[in-house]
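Report on the following structure.
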Number of protein chains: 2
Amino acid sequence: MKHALPVTREQDFAAWYQAVISEGDLAEESGVRGCMVIRPWGYGIWERIQKLMDARIKAAGVDNCYFPLFIPLSFFAEEADHVDGFAKEMAVVTHHRLKQIDGELQPDPDSKLEEPLVVRPTSETVIGKAMSRWIQSWRDLPLLTNQWANVVRWEMRTRMFLRTSEFLWQEGHTAHADRDDAMTETMRALEMYRDFAETELAMPVVAGEKPENERFPGAVATYSIEAMMQDGKALQAGTSHYLGTGFAEAAGIQYQNQEGQQTLCHTTSWGVSTRMIGGVIMVHGDDDGLRCPPMIAPHQVIIVPMLRDKPEDEAVIAYCEELAKALGAVDAFREPLRVLFDRKPIKASNKRWSWVKKGAPVIIEVGGRDVEGGNVSVLRRDRLYNDAGKLDSAIMAKGDFVAAVADMLRDIQSNLHGEAKARLGANIRRDVTDKNALGDAFKGDKPGWVEVEWSKPTGEALDKVVEWLKGHKLTLRNVPLDAAPASGTCIFTGAPAVERVLVGRAY
Amino acid sequence: MKHALPVTREQDFAAWYQAVISEGDLAEESGVRGCMVIRPWGYGIWERIQKLMDARIKAAGVDNCYFPLFIPLSFFAEEADHVDGFAKEMAVVTHHRLKQIDGELQPDPDSKLEEPLVVRPTSETVIGKAMSRWIQSWRDLPLLTNQWANVVRWEMRTRMFLRTSEFLWQEGHTAHADRDDAMTETMRALEMYRDFAETELAMPVVAGEKPENERFPGAVATYSIEAMMQDGKALQAGTSHYLGTGFAEAAGIQYQNQEGQQTLCHTTSWGVSTRMIGGVIMVHGDDDGLRCPPMIAPHQVIIVPMLRDKPEDEAVIAYCEELAKALGAVDAFREPLRVLFDRKPIKASNKRWSWVKKGAPVIIEVGGRDVEGGNVSVLRRDRLYNDAGKLDSAIMAKGDFVAAVADMLRDIQSNLHGEAKARLGANIRRDVTDKNALGDAFKGDKPGWVEVEWSKPTGEALDKVVEWLKGHKLTLRNVPLDAAPASGTCIFTGAPAVERVLVGRAY
């Protein structure tokens, strides 16, 4: 069977991923090292993610702010003092002027900054300093802030959406009176991400605690949601950190409690990024391109007119306009339906395939015969082909389609989720109790994950486990919140197991 | 009469401006040179501006994209070759790693970039290169893109919102088949900004063409909207540029026309920024703080409960909750009304004044007596005091208020606009025909602007005019689109006048 992409998932998953992005016009290389251009369809998906996530963040009482792009080098000095071999890959601004000198454009030596500025890799330090100004008394707590921003972490090897030097994200930062309140917020954010991934992205995930070696530096506890890609690898799609009082101590975030004593705050931070789009591609894409979950599709229904450069075209266009208007009045997922009447002057079949590759949930084709019969031809992106391997374009009465479209979109959202959920469920093994068998479990093609019992070693004992895993290109993902209790012995140390941890290959 | 701010507009306009920002919790210095922290109320206003402007941009068929933060130095080299004494104040990234060397954290010399990267001051060059990839044929035109982003222009003297090294903005970039289509887009964007300023911001502006010396470098024509601050100065609040084919030539943006010939595109760009918030403050603020136009107010109605730490408080809280729910079901300006029930554990009178200083359009106070009578006490921010100089708090039946609130918000929006419109109208003089009189016209305290007839000199003749104006701390603002035709002689050159131009002091 022929497909719209030049390469299939079976043939070469990595090349297929790049093909989805380029053929679907999601993003492209910018010519600037490690930075991508996010094109309208890709950015439209991000705008949908932003809008829906922002509504959840606001509903939780969190206020959006904006903090500086630049962080003075000295803000990192304390961290550097405490970390052996501190060397951070970050973009460093050292000059503030370009000048033509001897015919060559260069940073003007006279504009050298006294203190270099770092382009924010994350904003804990600068937000911490703001919090120390804003918080005086218990009345100011909890302080719940969030920022939508671009951040930069210099990366040697980049992959679009998954790992780019510049990426877009939200970072929540909160301060609380005590550990309990901060832990409640940490888990609230994690649950928000889990539910968002499952609901809006139709992407099933496992929420759990990261082992010590995978914690955010300085965090007391780090939690993540992990999604399974179609090649069986794991993608960390969001994290939530309980930071204890360490960051508060460094930034001076304290409050006077009701008894009048100065007390350190407990802080949290949590974030998701454009990386989520990479996850959506690798969870829902097929050999014809992306299949975009309707809740985050920039356009949910595309109307493609089949024109023949003949006078009858006018009737087709009028019919499409009327249809677009009727669909615009429909609500789906409690928002106005997003419909696009594609009037670009290119061939209808090219349009159809370009929307298939982009993953528009429903594509409507309207030709002269449809107009005569009062019909529309409906193509659902979640089931593109019938059993005979032909495009499964269904003819429906126009009115019936308008009446059914909201349910159809819900059905597509649910199908995508169900398919991915079944895959995730079928690809986590829980029967491996021996280290060699664990290594063997990952010798296949799409190995999935293995949940094993372990004794939760720390320090050097953990280092040894991580080292062994690394030798097999494996990582510890997380300890699922809903895992069964442990009852046996640790697969790594032989000591009594205390919990179950997920092992897998990862992006 | 006592006011909420420590300084009045009369006493010291510049200090008053800073006081509105700090007392209204809009923004603050970040400790990072030239960069501000935008606090929730200030950022909330920006989110409103973004949302409403973005809807207008999308309605015009413009697609949002995202382009890299960094621009390679070489992208500026061509510009530098053509501009005498090219020296641009821009943040330059030269290293990609921080390292602890001899106990001191510093840019790692081994991480020096082969080619420095500039933090985008605007994105013409990098978007131009993308357009050259995306445009092949006349079928791809017009190409209409927009980006919401942070940009950096190193500034020696900064003022919050008005001139900061980092600021937030949108930049529209479009490519067209010919001059006519590009000019139509340039004027569409200008009119969009004009109408947005008048409608959403309640801020009257004059739209017109900038004189040659004020053009964006490389533009064929630059248009602006200019708003008048309460001290009489002008604030350029948005610009739209017709760029001709120069940028297309530099970036290689060309298309095959219907006759098969390669043809250069005509491009435009247009932008507004967080600067608009500075304009809103200086147009609508009074000696009690900001007066936020209801359309862009993050919360339009604030409910402040008057609690006494007594059992009766419960009834007050329940009453407020019910009121908040009723208001949440109301639509104002075709959106759900934005109501906040302020439950912070601080004194009601402090809350009232904090919301007055922030400029919340309507503040409702609810005490035990209001609950008994089924009433609310209503404070309108646009008319805070009665003729006797007392707070003009009106008691209304709760149901009447809920029924009237949408109209009340419309009335406030319209009052703010009317007041500012009258001020603008009263402070443009058109009777000055002599250069000395022009200088004298600006000797007063709040001089406003003067519209004069001129011969539209160019080159050195224009330089002389600009030089003379500079000596009087004056600038040419724009040639209003709706100005009367010229009939006399040029106030500067004595030659026959061809049009009328606005002269004023400016931010």
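Below, the figures for the structure above:
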read-out	value
Under Karplus coefficients 6.51, -1.76 and 1.60, residue-wise ³J(HN,Hα) of region B:196-206 in Hz, glycine/proline x	5, 4, 5, 7, 6, 8, 6, 10, x, 9, 10
Cα centroid separation, region B:1-21 to region B:50-78 (Å)	37
Coil-residue trypsin sites (Lys or Arg not before Pro) of region B:420-507, DSSP, other Cβ within 10 Å capped at 15	B:430, B:443, B:473
Gyration tensor verdict on chain B (Cα atoms; rounded if a/c is under 1.5, prolate if a/b is larger than b/c, oblate otherwise)	prolate
Summed residue charge, Cβ within 12 Å of residue B:248's Cβ, Lys/Arg positive, Asp/Glu negative	-1
Separation in nanometres of the label points that stand 7 Å from Cα toward Cβ, at residue B:314 and residue B:112	7.4
Most to least packed among B:45-58, A:4-17 [average Cβ atoms within 10 Å]	B:45-58, A:4-17
Euclidean distance between Cα centres, region B:283-328 to region A:321-335, Å	36
For region B:436-507 and region A:92-158, distance of Cα centres in Å	41
Residue B:489 long-range amide H proximity, modeled H, under 5 Å	B:497
Loop-located trypsin sites (Lys or Arg not before Pro) in region B:313-363 whose Cβ has at most 12 other Cβ within 10 Å (DSSP)	B:334, B:347
Integer Hz, Karplus 6.51/-1.76/1.60 couplings in order for region A:358-369, x for Gly and Pro	6, x, 4, x, 9, 10, 9, 10, 10, x, x, 5
Cα-based shape type of region B:429-504, given that a ≥ b ≥ c are square roots of the gyration tensor eigenvalues and the cut on a/c is 1.5	oblate
Residue B:195 versus residue B:403: modelled label distance in nm, points set 7 Å from Cα along the beta carbon direction	3.4
Of A:51/A:446; B:210/B:446; A:357/A:390; A:112/B:470; A:51/B:129, those spanning more than 25 Å from alpha-carbon to alpha-carbon	A:51/A:446; A:112/B:470; A:51/B:129
Cross-link table B:88/B:456; B:310/B:347; B:358/B:421, entries beyond 18 Å C-alpha to C-alpha	B:88/B:456; B:358/B:421
Tensor-based shape of the protein assembly as shown (alpha-carbon gyration tensor, a/c under 1.5 rounded, otherwise prolate or oblate)	rounded
Ascending count of other beta-carbon atoms within 10 Å, so fewest first, for A:330, A:301	A:330, A:301
Sites residue B:155 and residue B:472, calculated FRET efficiency, Cβ-Cβ separation with R0 25 Å, nearest 0.05	0.55
In region A:218-289, the GluC sites (Glu not before Pro) that fall in loop regions by DSSP, at most 16 other Cβ within 10 Å	A:259
Extension gain from residue A:353 to residue A:138, taking 0.36 nm per residue of separation minus the Cα-Cα distance	71.5 nm
222 nm mean residue ellipticity, helices alone, for chain A (DSSP H n ≥ 4; -39,500 (n - 2.57); rounded to 500)	-10500 deg cm²/dmol
Under Karplus coefficients 6.51, -1.76 and 1.60, residue-wise ³J(HN,Hα) of region B:6-18 in Hz, glycine/proline x	x, 9, 9, 4, 4, 5, 6, 4, 5, 5, 4, 4, 5
Residue order, fewest to most surrounding Cβ atoms within 10 angstrom, among B:96, A:241	B:96, A:241
Exposure proxy order (Cβ contacts within 10 Å, fewest to most) of B:161, A:196	A:196, B:161
Per-copy distances of the residue B:386 label point, shortest first, in nm (7 angstrom along Cα→Cβ)	7.8
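Every read-out reported here was derived from the displayed coordinates using simple, explicitly stated rules and does not represent laboratory data. Quick caveat, the model's predicted, so the values are computed rather than measured. Methodologically, a virtual Cβ is constructed for each residue, glycine included, from the backbone with ideal geometry; neighbour enumeration extends over all protein chains shown.
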